[in-house]
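A quick write-up on the structure given underneath.
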Amino acid sequence: MEHKLASKLNEQDAAILRRSTETIVNQVEALKRMVNEFSQYARAPALEKRTLNMNDLVQEILTLYETTSTTNPIHPVHIKRILENNLPAIHGDSAQLRQVLHNLLLNAQDALAEIDEPMIEIQTETVQDGIKLTIKDNGCGFPDEVRSRVFEPYVTTKAKGTGLGLPIVKKIVEEHEGTITIQNLKPRGAQITITLPSIEKIRAA
């Protein structure tokens with residue numbers, strides 16, 4: 001698509017096309033790796049870690065959501081980003097961390113289906129020895145009956161859900177030596193917080 005259309009576009013549109021096709025290729029590779037072993041939850045793909053900037057991953061993923069991020073066509077989802085400048089680098093697998101971001105954003109979208117003014121906020125910040133990623137929404141929150149069990153396999157409130165999304169997310173985060181927590185917000189909404197060690201912390205360990 002890029003090869004066929006790039007020469008017919010002005011410089012600005014051609015740059016947008018290049019970024020979009022690059023994002024598509026990266027996401028297809030990430031999804032292909034996960035789909036190949038999705039049914040084998042206990043044996044996720046081996047990590048291929050390298051130096052990463054979480055802000056770059058967030059920006060890349062959000063390009064897919066900012067034009068299509070709604071399950072409610074009447075009320076498009078507003079995505080607010082608060083990304084800290086000079087965020088410390090981490091040592092991580094970009095494909096698996098993309099999977100984490102995709103899963104959490106899709107969950108947030110699903111929770112906003114019946115909301116009149118749907119919003120997702122994604123924030124990065126520096127914390128002691130690492131970084132913190134927070135994703136908030138103003139949706140329905142986690143039902144009381146499953147809130148304490150959302151990271152267990154096959155626990156889901158979705159009619160077509162597998163119940164493996166959040167367990168896989170937790171597994172990936174823990175394999176990156178990080179932590180993940182959930183909480184409901186008042187008056188409504190949910191928040192997921194992930195902390196990951198910086199590359200300096202890992203080298204010092």
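If ligands, DNA and RNA are left out, what is the accessible area of residue 93 with a 1.4 Å probe, given in Å² to the nearest 10? The accessible area of residue 93 comes to roughly 0 Å².
What the phi angles of the range 90-105 give under the Karplus curve with 6.51, -1.76 and 1.60, with θ = phi - 60°, is a coupling list of 10, 10, x, 8, 5, 5, 6, 6, 4, 4, 4, 5, 4, 4, 5, 5 Hz, glycine and proline written as x. Around the amide H of residue 185, modelled in the peptide plane, lie the amide H atoms of 190, 191, all under 5 Å away and 5 or more residues distant in sequence or on another chain.
Measuring with a 1.4 angstrom probe and ignoring ligands and nucleic acids, residue 56 comes out at about 100 Å² accessible. When 150, 25 are compared by accessible area of protein heavy atoms, the largest-first order is 25, 150, using a 1.4 Å probe. Applying both filters, DSSP loop and at most 14 other Cβ atoms within 10 Å, to the trypsin sites (Lys or Arg not before Pro) of the range 98-158 gives 149, 158.
Given a Förster distance of 30 Å, report the FRET efficiency between residue 17 and residue 203 from their Cβ-Cβ distance, rounded to the nearest 0.05. Calculated value: 0.20.
The values are calculated or read from the model by the stated rules, or taken from the named source; none is laboratory data. Small disclaimer: the values here were computed from a predicted structure and weren't measured. For neighbour counting, all protein chains shown are included, and Cβ atoms are generated from backbone atoms with ideal geometry for every residue, glycine included. The protein model used for the area step is the full one, side chains on, heavy atoms only, and it has no ligands, DNA or RNA in it. Shrake-Rupley method; radii C 1.70, N 1.55, O 1.52, S 1.80 Å.
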